[in-house]
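First the structure, in the form of structure tokens, and then the observations on it.
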Amino acid sequence: MLTLRVSGDWTALTLGDAPARLDAQLGESRSVRSLDLSNLGRIDTAGALVLLRSMASDADVDFGEREDLQRLIDLVRPVLERAPPADSRTSALFGFFDRFGRQVMGIFGEAYQMLVFTGQLIAALGRTVVDPRRLRVTPLVALMQDAGINALPIVFIMTFFIGAVIALVGTNLLTTLGVEVFTIQLVGVAILREFGVVIAAILLSGRSASSFAAQIGSMRMNQETDAMQVMGVDRFDALVIPRILAALLMMPLMTFCANIGGIAGGLVVSWATIDISPVFFIQRTLETVDVKHFWIGMCKAPFLALIIAGAGCRHGLMVGGDVQSLGRNVTSAVVQSVFLVIMFDAIFAVIFVVLDL
């Protein structure tokens, strides 16, 4: 049984030509079946790779107290044993299934991380409810202004144009049927029930989810969150809870502002195209549009705000130590929050239809 006695440091800076000399002595076959590690100094992945290449597949190695070498071997072995596909056709097929499998595992991993974050968030909210003194009021007020108050003008303008487009399309369609007055009801129901809250949620995703992820992510990069943990400051209490509550408190206000802007846009277009006076438009809206549509739209707002703020904070906490990780997680926060807003709005629509609301 061939034994390889290892001595000195086996690192990338100290190996020199040792790998070439070892390969020349062992030849093509990996015949080392045991290692003598009694005189081994420091070792890194380069040294672990040389040892693996020299060992037989059935080699019996007793790492003893060298747990660092065992971890390095476990780290390097999968890369060394990865066999390439036989031909290009097999390689393409293997690559497809490899990417597909990684995507599936990534989805399951993302779902698991969402469940973990949700549990931690519920626990943190519970602690805040039990002991309100844990809540940091100053950052909460600052975040309410940044995420909500400062967003009201753009929310109003966006929904103003959305309401104008709905009224313009409805006028062109209903005029051919001789019932253009129903444009008022179309605008009211569409804005109050769906478009007001959805547009507000999408704008909150673009502004606040990205901002939350970038703020927390930059703190992760600068190791500020690690310093908070060392000082005994809970990251959820300091970073997540104020942002969640700010979004929960501001989203209904943004939705209300969006409703006003959308109806104002429909009013202006109806006044300009089919000569419906503003007084008649408002009176007709109050008479024909049931108030339940307003409350259906408003009841979605807190739930969507929780999804958006949670996605931003979760991806911010996932940022690593490099800029690429920051950019990737900020993008993921926006994309995921917008996707969840549309998906849950569709779920709410189905639920309300089933309940005949």
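The values are calculated or read from the model by the stated rules, or taken from the named source; none is laboratory data. Predicted model, so just to flag it, every value in this text is computed and none were measured. Glycine also receives a Cβ, built like all others from the backbone with ideal geometry; neighbour counts cover every protein chain displayed.
Values computed for the structure shown
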{"item": "Residue that is modelled with the highest pLDDT, among those in the stretch 78-91 that are assigned to a helix (DSSP H, G or I) and surrounded by 11 or more Cβ atoms within 10 Å (Cβ to Cβ)", "result": "Leu80"}
{"item": "The stretch 166-178, residues that are in a helix (DSSP H, G or I) and surrounded by fewer than 16 Cβ atoms within 10 Å (Cβ to Cβ)", "result": "Val169, Asn172, Leu173, Thr175"}
{"item": "Boolean, Ile149 is closer than 20 Å to Ile308 by Cα, surrounded by 12 or more Cβ atoms within 10 Å (Cβ to Cβ), modelled with pLDDT of 85 or more and aliphatic (A, V, I, L, M)", "result": "yes"}
{"item": "Residues of the stretch 141-191 classified as of a type outside the set (S, T, N, Q) and more than 24 Å from Phe339 (Cβ to Cβ), total", "result": "28"}
{"item": "Entirely in the stretch 241-341, the helices (runs of 4 or more DSSP H) that have 3 or more residues that are touching a Phe, Trp or Tyr at 6+ places or on another chain (Cβ under 7 Å)", "result": "241-273, 291-317"}
{"item": "Any pair with Cβ under 6 angstrom, 6 or more apart, that starts in the stretch 149-172 at a residue that is farther than 14 Å from Leu253 by Cα and ends at one that is among the acidic types (Asp, Glu)", "result": "Thr171/Glu180"}
{"item": "Hey, Gly321 assigned by TED's automatic domain parsing to the domain that holds Phe212 and either buried (at least 22 other Cβ atoms within 10 Å of the Cβ) or in contact with an Asp or Glu (Cβ under 8 Å, 6 or more places away or on another chain) (or both) or not", "result": "no"}
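The rows are residues; the columns are (1) aromatic (Phe, Trp, Tyr); (2) within 20 Å of Pro153 (Cα to Cα); (3) in contact with a Leu (Cβ under 6 Å, 6 or more places away or on another chain); (4) in contact (Cβ under 8 Å) with a residue 12 or more places away in the chain.
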position: Val240; (1), (2), (3), (4): no, no, no, yes
position: Met251; (1), (2), (3), (4): no, yes, no, yes
position: Thr255; (1), (2), (3), (4): no, yes, no, yes
position: Gly262; (1), (2), (3), (4): no, yes, no, yes
position: Asp275; (1), (2), (3), (4): no, no, no, no
position: Val289; (1), (2), (3), (4): no, no, no, yes
position: Phe294; (1), (2), (3), (4): yes, no, yes, yes
position: Ile307; (1), (2), (3), (4): no, no, yes, yes
position: Gly316; (1), (2), (3), (4): no, no, no, yes
